[in-house]
Amino acid sequence: MNASSSKPAISLDHLVALNDEIAALVRAGIPLDRGLRTLGEDLPGQLGRFSTQLSEQIARGESLVDALADSNSHLPRIYRATVEAGVASGRLPAALESLASSLRRLAETRSSVVLTLTYPVLLFVVAWGLFALSASYVAPAIHASFQEQKLPGGQAFASLARIGASAKYWGPIVPLVVLIVALQGWLTARSTSAVHGYRSGLVFGWIPWVGRMLVLSRTAVFVEILKLLVENRVPLDSAATLAAESTGDARLIAAAAQWAAAIRRGDPGIVAELSALPPLLRWLIAGFQRNEALLPALQHAADDYQRRAQHQAEKARVMLPVFVTCTISATIVVAYTLVLLAPYFSFLRSLAR
């Protein structure tokens, strides 16, 4: 059996560690097969086995790009594309470092999101349990009091009592579904599939501030790798395609393909019409692509996007816990007020009259 056929899947944290190790080995001039084999011997678990099998493939004469491109490597396409772009530019460590900042930011955001959502999820489960108990026991008792006293306004408690009659079925189902969805989201966020542009958007894109951070991070990677490729005289059409594939963003990949096709036709000015690219980036490329100032302009743009992505990540870590907790708490308070307290106050007013 081919050693690559049984490569274990590695987590996002493992991918960050592997990325740092490969960059350090290349920068130090240590052969990858030897360095990865040593890493595999030192590390237990999936990352150790993955490193060992990767070193065996390289020792057999496979390039790093071919070893990572193996369909059984369980690595996201954007990571393999980044390695390919780094090899093509002759600046593999720099390419890996440009992606490493995005990977670390994604891992840190994942941890922050998990911690942020833990309390609201538990709060929702407790509130749902109290609602089920109220509908099962409190609402029928108050409705019976309305009927005994022949008071008007008991319709709301009558409806709750009817709902509470089946609470033994729907009561545990909803919290169970919420916990299963939360667990599935955690497993997806923990795996390397969360690095892919589409999947990361599904897992994190709906969260305030985080979705914007992901867009800025992908743009920063695109600009940084484009700069590395252009700097090492890779043709601009190939550089645009490789840089876009390194982001995993379908819109950027499609826009880069259009741009590359236009360059081959001799019409590079089409970049100004590609709405998938940010306005600043379109302006820089359109204005400097025939000028030696393109490289410093791209570097400035990459630094700017990295800085903005980091700012969004910090905002998410600071503001998200407050936003989520206040939103969930306010929703629960309003729901309890409308469903339970308002009818109960109506009952008290009827008794007072």
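Bear in mind these aren't lab numbers, they're just calculated from the coordinates by the rules spelled out. Source: prediction; values computed, not measured. Neighbour counts are summed over all protein chains in view; Cβ atoms, including those assigned to glycine, are modelled from backbone coordinates with ideal geometry.
Based on other C-beta atoms within 10 Å, arrange 213, 319 from fewest to most.
Neighbour counts put them in this order, fewest first: 319, 213.
Arrange the following residues from fewest to most other Cβ atoms within 10 Å of their Cβ: 52, 327.
327, 52
Please report Rg over Rh for region 28-70, where both radii come from the alpha carbon positions and Rh follows the Kirkwood definition.
So for region 28-70, dividing Rg by the Kirkwood Rh gives 0.96.
Which of 142, 270 comes first, and how do the rest follow, when ranked by fewest Cβ neighbours within 10 Å?
270, 142
What number comes out for the charge environment of residue 87, summing +1 per Lys or Arg and -1 per Asp or Glu over other residues with Cβ under 15 Å away? Spell out each step's value before the answer.
Numbers: positive: 27, 80, 91, 233; negative: 62, 66, 84, 97, 231, 245.
For residues surrounding residue 87, the net value is -2.
Using only the alpha-carbon atoms, what does region 39-157 span along each of its principal axes? Please give whole angstrom values in decreasing order.
89, 28, 25
Test of understanding: what is the full-extension gain from residue 24 to residue 180, defined as 0.36 nm times their sequence separation minus their Cα-Cα distance?
Taking 0.36 nm per residue and subtracting the Cα distance, the gain is 52.2 nm.
Restricting everything to alpha-carbon atoms, can you work out Rg to Rh for region 82-127 with a Kirkwood hydrodynamic radius?
Checking Rg against Rh, the ratio lands at 1.40.
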